[in-house]
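Peer 1: Submitted below is the structure of interest, expressed as structure tokens.
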Amino acid sequence: MGARSLLAVLNGERQAVPPVWFMRQAGRYLPEYRALRAEKGGFLELVYDNDAAAEITLQPIRRFGFDGAILFSDILIVPHAMGQTLTFTPGEGPQLAPPLVEARLEDLHAAPQHLAAVYGTVRKVAAALPGETAFLGFAGAPWTVATYMVAGEGSRDQAAARLMAYREPARFAALIDAVAGVTVDYLAGQVAAGVHAVQLFDSWAGSLAPDEFDRWVIAPTRAIVERLKARCPGVPVIGFPKGAGGNLARYARETRVDAVGLDETVDPAWADEALPEGLPVQGNLDPLLLLAGGDALAGAVRRIRRALGRRPHVFNLGHGIDKETPIAHVEAALAAIRSPL
Ligand code: CP3
């Protein structure tokens, strides 16, 4: 018996009761997170404090016994390490400066110590984690990270990055390649420090036309998977191309990720038909159902389990948990996910 059921499923084993973790399970819906954040003063202060970040990674494991712990950090640590400044102003979202619409990548001064700082957290968590809990590292996928680097902030339609990709494809390709290179080093560093598997978050995969999706989502993801497999054999990679819709099947076949994350807009029964047989799938409860609770929540959990029950399935949300989520609804969801069907 594998001690970590989540890893067994990522390696292709079907289980009657799916292992479960939730994206953003460490964060603002937890009073113990809010207390530590108030004490330390801000989000980035938490990320770069190994003791605080390890503690926050473990908080949801202690409270709920999730089958996976996700490193507490952020996808924007990579641009920080590539030389942009990073600030999180409450209520405004993250900001990177200078934005690459105004500055050249070559003029930034790389700051790799920001990546090394995260490995200290990984080592602390790895030493403290229960034997049955899998430890997940992560990074943003190059397309999603580049959208923030180009605009200097989040945006509704990622127009600045999409325009740069059309107008200056060679310059944009160089940016994607640079992010991919740092990302491989960063993920390999997380593995060396103790994570068991990694997830690539491509949160803005849904904003690209099909040819652009191939070029800026599939190709760099495949390159990262190939290079990571060479350096860290046997470490599963979960790809999460949010909003990919009809591009999902191609993404699953061509990137060679070990598992695919589905967002809440994907019909799990369609995904079961469209995705390669036996490919592990992760998802895909609407995070808003955790606010609604009750029969709507329990019914949706059952439908997702039935639709994906014939293949290896990791239960998760379709996107990050909402900060207004009641603790009792997380407990109810876990009871439904872990009960016999
Ligand atoms: O999943 C986890 O629990 C692990 C930690 C984690 C965070 N961010 C912590 C965080 C992970 C995996 C991320 C990924 C991330 N960060 C993504 C990809 C996934 C997604 O949500 O689409 C993106 C796009 C970011 C960038 C980012 N970080 C934004 C846009 C924001 C501000 C908006 C928001 O939700 O607050 C953040 C801040 C952030 N990252 C918080 C946390 C817990 C909130 C910080 C706080 O106010 O305390």
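Read-outs throughout are calculated quantities, based only on the coordinates presented, and are distinct from any laboratory measurement. Just so it is clear, the structure is predicted and the values come from calculations on it, not from any experiment. With ideal geometry, Cβ positions are generated from the backbone for all residues, glycine too; neighbour counts draw on all protein chains shown.
Peer 1: Would you say Ala69 is more than 8 Å from the ligand (Cβ to nearest atom) and either free of Cβ contacts under 8 Å to residues at least 60 places away in the same chain or farther than 26 Å from Arg4 by Cα (or both)?
Peer 2: No: the conditions fail for Ala69.
Peer 1: Looking at Ala178, Ala205, which one is within 27 Å of Leu71 (Cα to Cα), away from the ligand (no atom under 15 Å from the Cβ) and of a type in the set (Gly, Ala, Ser)?
Peer 2: The match here is Ala178.
Peer 1: While we're looking at this one, here's another question. Filter region 164-180 down to the residues that are without any contact (Cβ under 8 Å) to a residue 60 or more places away in the chain and surrounded by fewer than 16 Cβ atoms within 10 Å (Cβ to Cβ) and list them by number.
Peer 2: Tyr166, Arg167, Glu168, Pro169, Ala170, Arg171, Ala173, Asp177
Peer 1: Please go through region 8-18 and pick out each residue that is in a loop (DSSP other than H, G, I, E, B) and surrounded by fewer than 23 Cβ atoms within 10 Å (Cβ to Cβ).
Peer 2: Correct list: Asn11, Gly12, Glu13, Arg14, Gln15, Ala16, Val17.
Peer 1: Quick test for you: out of Leu341, Leu297, Leu334, Leu290, pick the one residue that is farther than 23 Å from Ala26 by Cβ and either more than 15 Å from the ligand (Cβ to nearest atom) or outside any loop (DSSP other than H, G, I, E, B) (or both).
Peer 2: Leu341 is the lone residue from the list that is farther than 23 Å from Ala26 by Cβ and either more than 15 Å from the ligand (Cβ to nearest atom) or outside any loop (DSSP other than H, G, I, E, B) (or both).
Peer 1: Taking Trp21 as meeting all but one of (1) of a type outside the set (Ser, Thr, Tyr); (2) closer than 27 Å to Leu288 by Cβ; (3) surrounded by fewer than 18 Cβ atoms within 10 Å (Cβ to Cβ), write down the number of the exception.
Peer 2: With (1) of a type outside the set (Ser, Thr, Tyr); (2) closer than 27 Å to Leu288 by Cβ; (3) surrounded by fewer than 18 Cβ atoms within 10 Å (Cβ to Cβ) applied to Trp21, the lone miss is (3).
Peer 1: Failed condition for Glu226, given (1) surrounded by fewer than 16 Cβ atoms within 10 Å (Cβ to Cβ); (2) out of contact with any helix residue (DSSP H, G or I) (no Cβ under 7 Å at 6 or more places or on another chain); (3) assigned to a loop (DSSP other than H, G, I, E, B), with all others met?
Peer 2: It is condition (3) that Glu226 fails.
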